[in-house]
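Asks: Please find one structure pasted underneath; my questions will follow.
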Amino acid sequence: MTALLLFGDQLGPHFHAGHDEIVLVESAAALRRRPYHRQKLHLVLSGLRHLAAELPGRVTLVRANTYGEAIRDLGRPLVAYRPGSTAAERMLRELGVEVRPTPAFALGREEFTAWAGDRERFLMEDFYRHQRVRFDVLMDGAEPAGGRWNLDAENREPPPKRARLGVPEPWWPEEDDIDARVRADLDAMDLPTVGGDGPRRFAITRAEAVVALEVFVRDRLPHFGPHEDAVLTHDWTMAHSLLSVPLNHGLLHPLEVVHAVEDAHRSGDVPLASAEGFIRQVLGWREYVWHLYWHLGPDYRRNNEFHATEPLPRWWAELRPAEVRAACLRTALEGVRDHGWVHHIQRLMVLGNHALQRGYDPAALNDWFVTSFVDGFPWVMPVNVIGMSQHADGGGIATKPYLSGGAYINRMTDHCRGCWFDPKRRTGPRACPFTAGYWAWLARHEQRVRGNHRMLRAVQGLRRLADLDEVRAQERTRDLF
């Protein structure tokens, strides 16, 4: 009889329902392959072992050095759903495992391929509108609810003056004996990890995921929209859902999440701007990222439009934020070190923005995001990092580089008021590395971006800088951030 092989990101009932025999594998080689975040490894093992405990008699949990050894030793026919990387799919096919379409996403591959057609540019807004119509989400007949597809303009408020947003706390899981065993096993394995250990802050069982979704929609989603792009030093969760982990581990189905959010809006409990902003992340961006990972293929991560080749600094790669003076960058790295997670603006406009300005190798940056974030998987990051954050594909995903100076960070965070650097200065010892780095990057790449109409005003601004040569010389040798 054929058994179902599941990976650690395929843990929900939409994967295993209807299968009497399930195989899970703990691969020691996979755990030590890269310097993963310690909490990421904990979540993977905890998820596998919790599922095995929840389905007694149906699950065989195999501990082996490699997936290949485990599959060959089983000596029986296996089927699997498409995994989260081209490398894993190739391995399955080489081992004779039948690979089926994944049930993890709302839109199937054939439908996406039909939508993509012969496009050379893949704008998320176009895909998002297609998704809304296709699944009849936040639609009033043929029109979007409220008359507009995108309510971003209502969701860009700066952070409040107080240190915390003041919304109810997220739902936190309680660790159990399985988590204690996982922690002990990881200690004994002496793996090359980064980041700090627990406590576990993310749902990793189906029951936990359902509760986390319910609590978010009830208590926090009404507050989500207005400040979703803002950052507070002492409030790492703001009103964000923390659902990326259970979603990316396959514990929640995206339509399940989207319908819960839409129902809350339709019942009058959640403003449209908050509901639309969150649905765009799940039904729009997340599905878009998955399908483009497969559509663009493994060579996509090799794109490097700006010929960026700088290696990641050790203080970055090894998560040593104490060596960083810039408050925004230090706080973001502290969040990754302590939780394996920061929200999208810190990823894009602090970490990604800094990496773009400093010319870090996009492929190395992509790999760092995969290994250092608890919600990072090979399919998740290329479009996010190579395409959106680093613009390394030359505009296949985003219409402009996501580049900003200190003014944006000063407006959307509370970091600058206590920072040693001054966001208004671009030269001198207290010159903000983001402000100076912005102009230095534009000067380096003016010829490449001047044809982009969205960059025209920025390029024109270079002509008004009397100190541009000084800025460029300063930033070529800067090693203090």
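Every number here is computed from the coordinates shown, using simple stated rules; none is lab data. Owing to the predicted nature of the structure, the values given are computational and were not obtained by experimental measurement. Methodologically, a virtual Cβ is constructed for each residue, glycine included, from the backbone with ideal geometry; neighbour enumeration extends over all protein chains shown.
Asks: Students often check this: by mean Cβ neighbours within 10 Å, which of 413-424, 198-209 ranks highest, and how do the rest follow? Don't skip to the end; give the middle numbers.
Replies: On the way: 413-424: 17.9, 198-209: 20.7.
In descending order of packing, they fall as 198-209, 413-424.
Asks: Going through the DSSP H helices of the chain, which span 20 Å or more along their own axis at the Cα atoms while scoring at least -1.0 as a mean Kyte-Doolittle hydropathy? The partial results should precede the final answer.
Replies: Values: long enough: 38-54 (24 Å, -0.04).
The answer, listed by residue number, is 38-54.
Asks: Does the chain come out rounded, prolate or oblate, given a ≥ b ≥ c as the square roots of the eigenvalues of its C-alpha gyration tensor, rounded meaning a/c under 1.5 and, failing that, prolate meaning a/b above b/c?
Replies: Numbers: a/c = 1.58, a/b = 1.42, b/c = 1.11.
Note, shape of the chain comes out prolate.
Asks: Taking the Cβ of residue 106 as the center, what net charge do the other residues with Cβ under 14 Å away carry, scoring Lys and Arg +1 and Asp and Glu -1?
Replies: Residues near residue 106 contribute -1 overall.
Asks: What is the packing order of peptides 229-242, 304-317, taking the mean over residues of other C-beta atoms within 10 Å and listing the highest first? Present the calculation step by step, with values, prior to reporting the outcome.
Replies: Working: 229-242: 20.6, 304-317: 15.4.
Highest to lowest by the protection proxy: 229-242, 304-317.
Asks: Further, regarding this structure: When ranked by the protection proxy of mean other Cβ atoms within 10 Å per residue, highest first, what sequence do the peptides 333-342, 136-145 form? Could the numbers behind the result be given before it?
Replies: Details: 333-342: 22.3, 136-145: 13.5.
Ranking the peptides 333-342, 136-145 by packing returns 333-342, 136-145.
Asks: Residue 21: net charge of surrounding residues, Cβ under 13 Å, Lys/Arg +1, Asp/Glu -1, itself excluded?
Replies: Details: positive: 58, 76; negative: 20.
Net charge in that neighbourhood comes out at +1.
Asks: For the stretch 308-335 and the stretch 406-470, write down the distance between their C-alpha centroids in whole Å.
Replies: The two parts, judged by their Cα centres, are 20 Å apart.
Asks: Another question, then. Please report the spacing between the Cα centers of the stretch 70-136 and the stretch 1-42 in Å, no decimals.
Replies: 17 Å
Asks: Quick check on the stretch 334-481: take the gyration tensor over C-alpha atoms, sort the square-rooted eigenvalues as a ≥ b ≥ c, and tell me if it's rounded (a/c under 1.5), prolate or oblate. Intermediate results must be reported in sequence, preceding the final value.
Replies: Working: a/c = 1.97, a/b = 1.27, b/c = 1.55.
Here the stretch 334-481 falls in the oblate category.
Asks: Another question about this same structure. Could you tell me the relative contact order of the stretch 308-477? Use alpha-carbon pairs under 8 Å, at least six residues apart, and round to a whole percent.
Replies: Values: 225 pairs, mean separation 30.9, N = 170.
Contact order relative to length: 18 percent.
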